[in-house]
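Please read the structure below before turning to the comments.
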Amino acid sequence: MTTRIVIVDPLTLIGRELARCIEASPDLTLDIDYRHTADDDEHQIAELGAMPALVPPLEEDDELDGASLMVVASDQATARTRLIEGLVSRRPEITLVDVGRLPELADLTTPATGATARASDRRHLRVAHPALVAAAEVVAALGPLDPVRGSVAAVDPVSSFGREALETLVHQAGRRMQGGEPDHAIGGHVLAFNQIAVDAEILSEEAAQLLPELPIAVTRTLTGCFHGHLAHLSIELAGPVDDFEVSEVLADHPRLVIVDPPAGLELVIDRDEVLVTRPRSAPDRRVVAMTCIVDGLRVGGALTAVEILRNLTVH
């Protein structure tokens with residue numbers, strides 16, 4: 001059975017990655033249409049999924065040509081973004097998946113992974129943050145060892161703000177190298193040669209929704225790296241366990257790959273797995289720490305969105 005969907009803003013970094021992931025998923029039978037939320041009224045023309053595509057603007061009276069599912073791949077809000085909320089209010093039967101994680105849609109959506117989407121009755125979802133997708137995989141793997149609580153320190157790259165942010169980073173770096181102050185900000189910050197600790201309230205709420213049985217404390221840091229997400233995890237177990245046993249449990253999980261440090265962000269480009277540094281325990285052998293590295297355009301991005309779509313459309 002073919003499902004008709006509309007992808008909003010397919011020309012962003014995450015939108016193009018989504019097109020590649022859909023193209024690589026022959027089990028998904030989708031009839032895809034496109035819209036954009038740019039401020040201009042012109043149609044956009046691009047090659048998506050090895051085919052030319054026409055991308056008209058999203059309009060206030062747009063009914064999406066009978067689509068039952070809308071995927072939002074926007075990397076910034078515009079005046080047209082508000083039309084999305086109005087559209088789903090008019091058509092409560094439509095399913096919304098926000099892969100761009102727009103803050104403006106946060107109150108409308110619930111964080112999800114492929115697994116939670118399968119079990120949820122919610123119709124308005126957003127792809128969970130890459131650090132939390134990685135943490136959820138680790139927690140699932142550690143299930144036999146009875147995790148009781150933990151913490152996640154998420155470190156986000158500039159690419160999470162979209163393609164224009166990468167160009168802005170280059171500008172910021174050039175200005176700082178010359179001793180000047182950058183003229184343009186990334187999410188309100190100067191990230192060139194810098195790291196910024198930011199509020200993690202939304203991520204804390206996401207963690208509570210994704211892992212309701214496991215208390216998780218969350219912090220979030222923005223970094224000047226171009227690409228690749230980090231998640232520093234600390235998990236307390238119910239009883240003492242040695243590092244070798246923890247490594248064995250993690251290695252048995254199909255989506256986790258154990259790596260020995262040093263391990264750089266370049267290792268995860270275009271990879272579908274969560275790379276996990278070999279775990280290290282506290283002296284009591286009950287608290288175990290590790291670092292997860294993921295390509296956030298895929299894990300906690302387009303690949304996770306495709307898993308959500310699969311669980312929503314393939315029966």
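The values are calculated or read from the model by the stated rules, or taken from the named source; none is laboratory data. Note that this is a predicted model, so its numbers are computed, not measured. Note that each Cβ is placed from the backbone with ideal geometry, even for glycine, and that neighbours are counted across all protein chains shown. SASA here: full protein model, heavy atoms, side chains in, ligands and nucleic acids out. Shrake-Rupley method; radii C 1.70, N 1.55, O 1.52, S 1.80 Å.
Using only the heavy atoms of the protein chains and a 1.4 Å probe, how would ASP9, ASP243 rank by accessible area, largest first?
ASP243, ASP9
How tilted is helix 163-177 with respect to the longest principal axis of the chain? Cα atoms for both, answer in degrees (0 to 90, nearest 10).
Around 60 degrees separate the two axes.
Over the chain, how many percent of alpha carbon pairs lie in each 10 Å bin up to the one with the longest distance?
Here the calculated profile for the chain is 6, 26, 33, 23, 10, 2, 0.
Please state, as a whole number in µm²/s, the translational diffusion coefficient that the Stokes-Einstein equation yields for the range 29-89 at 37 °C and 0.692 mPa s, with Rh defined as the Kirkwood radius across alpha carbon pairs.
It diffuses with D of about 262 µm²/s by this estimate.
Just to make sure I understand: if all protein chains stay in place, what is the order of MET290, MET1 by accessible area at 1.4 Å, largest first?
I get MET1, MET290, largest accessible area first.
Note the full-extension length gain between SER234 and ASP31 as 0.36 nm times their separation in residues minus their Cα-Cα distance, in nm to one decimal.
Separation in residues times 0.36 nm, less the Cα-Cα distance, equals 68.8 nm.
Compare the peptides 74-86, 245-257, 145-157 by average per-residue count of other Cβ atoms within 10 angstrom and give them in order, highest first.
Most protected by this proxy first, the peptides run 145-157, 74-86, 245-257.
At 1.4 Å probe size, with no ligands or nucleic acids counted, give the accessible surface of THR95 in Å², nearest ten.
In the full protein context, THR95 sits at about 20 Å².
For the range 179-285, what is the Kirkwood estimate of the hydrodynamic radius, computed as the reciprocal of the mean inverse distance between distinct Cα atoms, to one decimal in Å?
Answer for the range 179-285: a Kirkwood hydrodynamic radius of 16.8 Å.
With 10 Å bins from zero, work out the P(r) of the range 44-200 over every alpha carbon pair and list the percent per bin.
Histogramming the range 44-200 at 10 Å steps yields 8, 28, 31, 23, 9, 1 percent.
How far is helix 201-210 tilted off the main Cα axis of the chain, in degrees rounded to 10, range 0 to 90?
Between the helix axis and the principal axis of the chain, the angle is about 80 degrees.
How much of the DSSP bridge set in the range 1-160 is antiparallel, in percent, rounded to the nearest 5?
Approximately 20 percent, going by the DSSP bridge assignments.
Let me check I've understood the local charge: for SER68, count other residues with C-beta under 13 angstrom from its C-beta, Lys and Arg +1, Asp and Glu -1. What total comes out?
Once positives and negatives cancel, what remains is -2.
Between helix 303-313 and the chain, what is the angle of the helix's C-alpha long axis to the longest principal axis, kept within 0 to 90° and rounded to the nearest 10?
The helix 303-313 is inclined about 70 degrees to the chain.
Sorted by packing (mean other beta-carbon atoms within 10 Å per residue), highest first, where do 300-308, 127-135, 56-64 land?
Ranked from most to least packed, the peptides come out as 127-135, 300-308, 56-64.
Percent relative contact order of the range 153-298, based on C-alpha pairs within less than 8 angstrom and at least six residues apart?
Reported relative contact order: 25 percent.
Just reorder ARG122, ARG271 by solvent-accessible area, largest first, 1.4 Å probe, all chains present.
Result, largest first: ARG122, ARG271.
What fraction, in whole percent, of alpha-carbon pairs in the range 172-228 exceed 13 Å separation?
That tail contains 67 percent of the Cα-Cα pairs.
Give the distance, in whole Å, between the Cα centre of the range 113-161 and the Cα centre of the range 1-21.
22 Å
What is the local net charge at THR78, summed over the other residues whose Cβ is closer than 11 Å to its Cβ (Lys, Arg +1; Asp, Glu -1)?
Its environment carries a net charge of -3.
Rounded to the nearest whole Å², what accessible area per residue is found for the range 202-315 with the 1.4 Å probe?
46 Å²
Distances longer than 17 Å among the Cα atoms of the range 233-275: what percent of all pairs is that?
For the range 233-275, the share of Cα pairs beyond 17 Å comes to 43 percent.
What does the charge add up to near THR113, with Lys and Arg as +1, Asp and Glu as -1, over the other residues with Cβ less than 10 Å from its Cβ?
-1
Kindly work out what percent of the DSSP beta bridges joining two residues of the range 97-232 are antiparallel, to the nearest 5.
The antiparallel fraction comes to roughly 40 percent.
Which value, in nm² and rounded to one decimal, describes the direction-averaged projected area of the C-alpha convex hull of the range 251-308?
Mean projected area for the range 251-308: 4.7 nm², to one decimal.
If you take all C-alpha pairs in the range 1-120, what percent of them are over 22 Å apart?
Here the long-distance tail beyond 22 Å is 29 percent of all Cα pairs in the range 1-120.
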